[in-house]
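*Asks:* Have a look at the structure that comes next, please.
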Amino acid sequence: MLRFDGVSFGYMSGSAINDVSFYVAPGEFVALLGENGAGKSTLCRLCNGLLKPSSGRVKVGGQDTRQVKTSVLSRSVGFLFQNPDRQICRNTVSDEIMFGLENVVASPDERRRRRDEVLGLFALDGDIDPFGMSRGERQQVALASVLATKPKLLILDEPTTGLDYRECLSTMEIVSRLNADGTTVLMVSHDMEVTADFAKRAIVLSGGRLIGDGPVREIMKNRRLLDEASLLPAQIPALAMFLSELGELGKPDKIGELFSDAFTVDDMVELTERANRAPETRQ
Amino acid sequence: MIKIKDVSFSYEGNPKNALTNVTLEAARGDFLGIIGQSGAGKSTLTRVINGLVPHYYDGVFSGDAAVGGRATLESSPEELARSVGSLFQDIEGQLFASVVDDEVLFGLENFGVPRDEIESRVEYALAAAGISDLRTRAISTLSGGQKQKVAIAAITALKPEIMVLDEPTGELDPQSSRRVFETLRELNEKHGVTIVVVEQKIMMLCEFVSRLAVMNGGRLILEGPVASVLKNAEKLEDAGVNIPRVTTLALRLREHGLYDGEPPANIPEAARMMRTAVHASL
Ligand SMILES: Nc1ncnc2c1ncn2[C@@H]1O[C@H](COP(=O)(O)OP(=O)(O)OP(=O)(O)O)[C@@H](O)[C@H]1O
Ligand SMILES: Nc1ncnc2c1ncn2[C@@H]1O[C@H](COP(=O)(O)OP(=O)(O)OP(=O)(O)O)[C@@H](O)[C@H]1O
Ligand SMILES: [Mg+2]
Ligand SMILES: [Mg+2]
């Protein structure tokens, strides 16, 4: 679906992406992690052809982004900007969504059908002016208009910034349902809890270089990698690591071992229950 | 230092009250966190403190607010700005210089900081925000998080008596977010700066602030020392607040009869909780 092949890119200020290679298969849900300025937004813009690599190659669905027009790419790549105000340009929510569909769907009836579908999905009122909305609401409008185009590849640059906990969960559930239906997702996030809950694989950038790529569960427990990328693990993996690194007497012990693979609250509870049952079964 | 008494406010053109009968006090040297779901009135409350409500935002205001001994109704936001440094939620709207350096310098000059002190303050603030290397960069070419750090540097350089920050770490990576809070702690502890901060990252917030205020639907529904506020898990969930995962874990363990102590406030405490929960069996 998405292939980076020795990709480099620089701005006037200097190199921002440095010899990055990875492949994302159709249907994957990948988190893109890294410190501020690591190059995450730049990498996103390379995926949809807004930026072209200065060396190496970016391929989306088999097509080289240097050889197809951005407008053609945008039919299969949905893109959510880091700041929703970069995206929103119409005076009503409804117009905003229709605008996004113009380039993608030829039939006006189909456009209206898709618009009504996402308005329902996000429980949005089509007649409202996005500029009077709170930041969280504007973010959802921007996402709704991206999703209406039913992209094959969805690039989300910090989709949950400015959302409260509930909005964040409902947004991520929508994205995760789309992913279950086959949409490939690449999501930038600084929220490690959201990353732990929804992404399966993580790619880690630091100073424009790819320094980690693997299952989120493993990345979250790689202290050295996390440190290098200015990241912190989500709470439950952090707790598991804390327990396994330092026992009561300052060295690894049985409790640490017991929880070393825990990743969710459920894991923790289950392991505790099992440990408490164990003595009885042994008798 | 901050006295808000029975304040209600509705924005012009929006019939719904953004704040309803809010009473809140912060003493000199307090470090207060504000949490609550979207639209709860958190930003509006920060605007009451820096006087933007009702001076810049039109609407219906009632009640009393005084900051640093000045009634906000009788002082202009410019006068208030001499003691209150503000960071807005919308960063792009706050930055106006074209180069990083100027953004920080401008505030200091306006504040009347003596010339010979300016350079050391700029260096301190840029270093604290972790952006010393971006000093000569054009702001328009920075990444989202880098811009947010510039705005933070610009107000920390001022070392005002009171700081009001509206979601200062929204676009920051996890370690940078902590660094910002460490800087705030230093300003609070070493320089006695009174700090009010709105934040969605509740676990981190709880580690740093001494008191928490919870807003819901324009009302202040809980207020007090962090531990005592966190005990109200149901009320918090009701207010759409994301309770820390280790708190959820504590509640789940309790449901299963595996733990009956206080919810932990940080990872080491959570580790102690897990030890208590399994200790009998090992
Ligand atoms: N338009 C631009 N011109 C010059 N340099 C830029 C431009 N946009 C970004 N950069 C620089 O390129 C690097 C990567 O920026 P990018 O926006 O990709 O980072 P990011 O990982 O998305 O960071 P953040 O988490 O803060 O959003 C940074 O050092 C940034 O200052
Ligand atoms: N400039 C404005 N004009 C009209 N109504 C406003 C304005 N700003 C806020 N409101 C309304 O006032 C209420 C409180 O908004 P406020 O911005 O204080 O919430 P918040 O808790 O900061 O939310 P968020 O977490 O989204 O930043 C909301 O109902 C909002 O729609
Ligand atoms: Mg970015
Ligand atoms: Mg707000």
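The values are calculated or read from the model by the stated rules, or taken from the named source; none is laboratory data. Since we're looking at a predicted model, the values are computed, not measured. So basically every Cβ, Gly included, is an ideal-geometry build from the backbone, and we count neighbours across all protein chains shown. Remember, those area values only see protein heavy atoms, side chains included, never the ligands or the DNA or RNA. Shrake-Rupley method; radii C 1.70, N 1.55, O 1.52, S 1.80 Å.
*Asks:* Report the accessible area of A:Glu193, computed with a 1.4 Å probe over the heavy atoms of all protein chains in place, in Å² rounded to the nearest 10.
*Replies:* 40 Å²
*Asks:* Between B:Val99, A:Gly6, B:Leu187, whose Cα lies farthest towards the positive end of the dipole of the protein assembly as shown when Lys and Arg beta carbons carry +1 and Asp and Glu beta carbons carry -1, centred on the Cα centre?
*Replies:* A:Gly6
*Asks:* Nearest 20 debye, what's the magnitude of the dipole of the stretch A:20-99 about its Cα centre given +1 on Lys and Arg Cβ and -1 on Asp and Glu Cβ? Each step should come with its number before you reach the end.
*Replies:* On the way: 10 positive and 6 negative charges, 75 e Å.
It works out to roughly 360 debye.
*Asks:* Oh, and also: Pulled fully out, how much extra length does the chain show between A:Asp197 and A:Arg209, if you take 0.36 nm times their separation in residues and subtract their Cα-Cα distance? Can you show the working numbers first?
*Replies:* Numbers: separation 12, 0.36 × 12 = 4.32 nm, distance 2.52 nm.
Contour length minus the Cα-Cα distance gives 1.8 nm.
*Asks:* Note down the accessible area of B:His191, probe 1.4 Å, to the nearest 10 Å².
*Replies:* Around 90 Å² of this residue is reachable by solvent.
*Asks:* Continuing with this model, one more query. Taking the Cα centre of the stretch A:2-216 as the origin and placing charges on Cβ (Lys, Arg +1; Asp, Glu -1), which of A:Leu154, A:Leu186, A:Gln67 is farthest toward the positive end of the dipole?
*Replies:* Going by the charge dipole, the pick is A:Gln67.
*Asks:* Expressed as a rounded percentage, what relative contact order does chain B have, with Cα pairs under 8 Å and six or more residues apart? Display every interim value, and only then the final one.
*Replies:* Numbers: 502 pairs, mean separation 63.5, N = 282.
Relative contact order, chain B: 23 percent.
*Asks:* What ranking do A:137-149, A:215-227 get when scored by the average of other Cβ atoms within 10 Å per residue, highest first? Mind showing how you got there, number by number?
*Replies:* Values: A:137-149: 24.3, A:215-227: 17.2.
Ranking the peptides A:137-149, A:215-227 by packing returns A:137-149, A:215-227.
*Asks:* Another one. How would chain B be classified by its alpha-carbon gyration tensor: rounded, prolate or oblate, with rounded meaning a/c under 1.5 and the a/b versus b/c comparison settling the rest?
*Replies:* The shape class here is oblate.
*Asks:* How large is the translational diffusion coefficient of chain A in µm² per second when you combine the Kirkwood radius over alpha carbon pairs with Stokes-Einstein at 37 °C and 0.692 mPa s? Before the final figure, lay out each step's value.
*Replies:* Numbers: Rh = 20.5 Å.
My calculation gives 160 µm²/s for D.
*Asks:* Shifting gears a bit: What pairs from B:Lys5/B:Lys231; A:Lys69/B:Lys149; A:Lys40/B:Lys235; B:Lys3/B:Lys231; A:Lys52/A:Lys152; A:Lys52/B:Lys201 go past 30 Å between their alpha carbons?
*Replies:* Values: B:Lys5/B:Lys231 26 Å; A:Lys69/B:Lys149 35 Å; A:Lys40/B:Lys235 37 Å; B:Lys3/B:Lys231 26 Å; A:Lys52/A:Lys152 20 Å; A:Lys52/B:Lys201 35 Å.
Violating the 30 Å limit, Cα to Cα: A:Lys69/B:Lys149; A:Lys40/B:Lys235; A:Lys52/B:Lys201.
*Asks:* So, one more: Where a Cα-Cα gap under 16 Å defines reach, which lysines qualify for A:Lys200, not counting those fewer than 8 residues away within the same chain?
*Replies:* A:Lys221
*Asks:* A follow-up question, please. Would you mind pulling out the separation of the Cα centroids of the stretch B:67-123 and the stretch B:232-282, in Å?
*Replies:* Here the answer is 42 Å between Cα centres.
*Asks:* Hey, another quick one. Which residue, A:Thr92, A:Val104, A:Leu51, has the largest displacement toward the positive end of the dipole of the stretch A:49-106 when charges sit on each Cβ (Lys, Arg +1; Asp, Glu -1)?
*Replies:* A:Leu51
*Asks:* Would you mind giving the mean number of other chain beta-carbons within 10 Å of the Cβ of each residue in A:5-16, as a whole number? Can you show the working numbers first?
*Replies:* Values: counts 0, 0, 0, 0, 0, 0, 1, 2, 5, 0, 0, 1.
For peptide A:5-16, the averaged partner shielding equals 1.
*Asks:* Give the A-B buried accessible area in Å², both sides summed, 1.4 Å probe, nearest 100. Working shown, then result.
*Replies:* Numbers: alone 14400 and 13790 Å², together 24120 Å².
The A and B chains share an interface burying roughly 4100 Å².
*Asks:* Given the DSSP H assignment, sum -39500 (n - 2.57) over each helix run of at least 4 residues in chain A and divide by its residue total; what's the result at 222 nm in deg cm²/dmol, nearest 500?
*Replies:* Working: 12 runs with 117 residues, N = 283.
Taken over chain A, the calculation gives -12000 deg cm²/dmol.
*Asks:* With springs connecting C-alpha atoms under 10 Å apart, model chain B as a Gaussian network and identify which of B:Asp101, B:Asp90, B:Asp116 has the largest mean-square fluctuation.
*Replies:* For chain B, modelled as a Gaussian network with Cα springs under 10 Å, the answer is B:Asp116.
*Asks:* Using 7 Å Cα-to-Cβ label points, what is the A:Ser170/A:Phe131 separation (nm, one decimal)?
*Replies:* Label at A:Ser170, label at A:Phe131, 2.6 nm between them.
*Asks:* Measuring from label point to label point, each 7 Å out along Cα→Cβ, what is the A:Lys69 to A:Leu246 span in nm?
*Replies:* 6.0 nm
*Asks:* Taking beta carbons within 10 Å but only from partner chains, what does the mean come to for residues A:132-139? Don't skip to the end; give the middle numbers.
*Replies:* Values: counts 3, 1, 4, 6, 4, 2, 0, 1.
Averaged over the peptide's residues, the number is 3.
*Asks:* I've got another one for you. Under the definition of partner shielding as Cβ atoms of other protein chains within 10 Å of a residue Cβ, what is the mean value for peptide A:229-242? Please report the intermediate quantities before stating the final value.
*Replies:* Values: counts 3, 9, 3, 6, 2, 2, 10, 6, 1, 6, 10, 2, 2, 6.
For this peptide, the per-residue mean of nearby foreign Cβ atoms is 5.
*Asks:* Magnitude of the Cβ-charge dipole of the protein assembly as shown, K/R +1 and D/E -1, about the Cα centre, nearest 20 debye?
*Replies:* Numbers: 63 positive and 78 negative charges, 257 e Å.
About 1240 debye.
*Asks:* For Cα pairs less than 8 Å apart in space and 6+ apart in sequence, what is the mean separation divided by the residue count of chain A, i.e. the relative contact order in percent? Mind showing how you got there, number by number?
*Replies:* On the way: 493 pairs, mean separation 58.4, N = 283.
RCO, chain A: 21 percent.
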